[in-house]
Amino acid sequence: MNEQTKILEQLRKDYKMATLEIADVNPNPFLQFQSWFHQATESQVLEPSAMNLSTSNASGRPSGRIVLLKGIDNGFIFYTNYNSRKGNELKSNPFAALTFFWDNLERQVRIEGKVEVLDEATSEAYFHSRPYESQIAAIASPQSEVISDRTALETEWSELKAKYKEGGQAPKPAHWGGYRLLPDYFEFWQGRRSRMHDRVIYEPGEENNWLISRLAP
């Protein structure tokens, strides 16, 4: 056994901050999520809106990356380049999973469902609400494509800054916009002592209600 493996095997934390009982959760998983998200924000988690987005291609090969949650309505909203790896995977397999982890609260939330493309007007409005240099970056970057070096990317970025002056309106690329994940599964995880964690799940029931169950840790 090498030294790195020994270190990894010895890394442990016993979770003991809170409990999670079915009797205490909101019957609506969106409201339960909003309650936990508010607590994560109030507890000064570094990036409470950061979530792992897991997608897979037509062959079932998965990939994951961190993106930022940018809205909640009847689903969970995020934005990206439609031609990126995740964008292409969502075209061939429009199902995905989100995972939030708020370490200082010892909590995790998993959400799964079908993903749809947002309407153009919503994507347009959000694009122009972003910081000016973030707009330029979205135009400059051929996301997920191989590039020769960083210099070429930065040159393109500088040229676009000269072309679209700050205070004006840079055009939203046609290949950039939003997605909405429509949940059909929620799992709320609360860390507990001795790895006896609490796991409460929501699945669709009848008449738009949700069935709530407990899973073994």
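In this entry, ILE77 is excluded by the filter for residues that are under 30 Å from SER194 (Cα atoms) and part of a strand (DSSP E or B).
Check the range 141-149 and report whether any residue there is farther than 24 Å from ALA23 by Cβ, modelled with pLDDT under 95 and assigned to a helix (DSSP H, G or I). Checking the range 141-149: not a single residue is farther than 24 Å from ALA23 by Cβ, modelled with pLDDT under 95 and assigned to a helix (DSSP H, G or I). SER63 falls short on exactly one of the conditions (1) small (Gly, Ala, Ser); (2) loosely packed, with under 14 Cβ neighbours inside 10 Å; (3) out of contact with any Asp or Glu (no Cβ under 8 Å at 6 or more places or on another chain); (4) under 20 Å from LEU182 (Cα atoms), and that condition is (3).
You will find that of GLN135, GLN169, the residue that is farther than 30 Å from ASP184 by Cα, part of a loop (DSSP other than H, G, I, E, B) and touching a His at 6+ places or on another chain (Cβ under 9 Å) is GLN169 and no other.
Here LYS6 passes the criteria (1) among the basic types (Lys, Arg); (2) assigned to a helix (DSSP H, G or I); (3) in contact with a Lys or Arg (Cβ under 7 Å, 6 or more places away or on another chain); (4) over 30 Å from GLN143 (Cβ atoms) except the one numbered (3).
Here LEU98 fulfils each of the conditions (1) surrounded by 14 or more Cβ atoms within 10 Å (Cβ to Cβ); (2) in a strand (DSSP E or B); (3) touching a helix residue (DSSP H, G or I) at 6+ places or on another chain (Cβ under 9 Å) apart from (3).
Could you tell me which of the residues TYR179, TYR185 is surrounded by fewer than 18 Cβ atoms within 10 Å (Cβ to Cβ) and in a strand (DSSP E or B)? That would be TYR185, the only listed residue that is surrounded by fewer than 18 Cβ atoms within 10 Å (Cβ to Cβ) and in a strand (DSSP E or B). Taking VAL67 as the residue in question, decide whether it is of a type in the set (A, V, I, L, M), in contact with a helix residue (DSSP H, G or I) (Cβ under 7 Å, 6 or more places away or on another chain), at pLDDT 95 or above and on the phi < 0 side of the Ramachandran plot. In short, no.
The rows are residues; the columns are (1) in a helix (DSSP H, G or I); (2) modelled with pLDDT of 90 or more; (3) closer than 20 Å to HIS197 by Cβ; (4) in contact with a Lys or Arg (Cβ under 6 Å, 6 or more places away or on another chain).
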residue	(1), (2), (3), (4)
MET1	no, no, no, no
LYS13	no, no, yes, no
MET17	no, no, yes, no
ALA23	yes, yes, yes, no
PRO27	no, yes, no, no
PHE30	yes, yes, no, no
PHE37	yes, yes, yes, no
GLN44	no, no, no, no
PRO48	no, yes, no, no
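The values are calculated or read from the model by the stated rules, or taken from the named source; none is laboratory data. All of these numbers come straight from a predicted model, not from anything done at the bench. All Cβ positions, glycine included, derive from the backbone under ideal geometry; neighbour counts span all protein chains shown.
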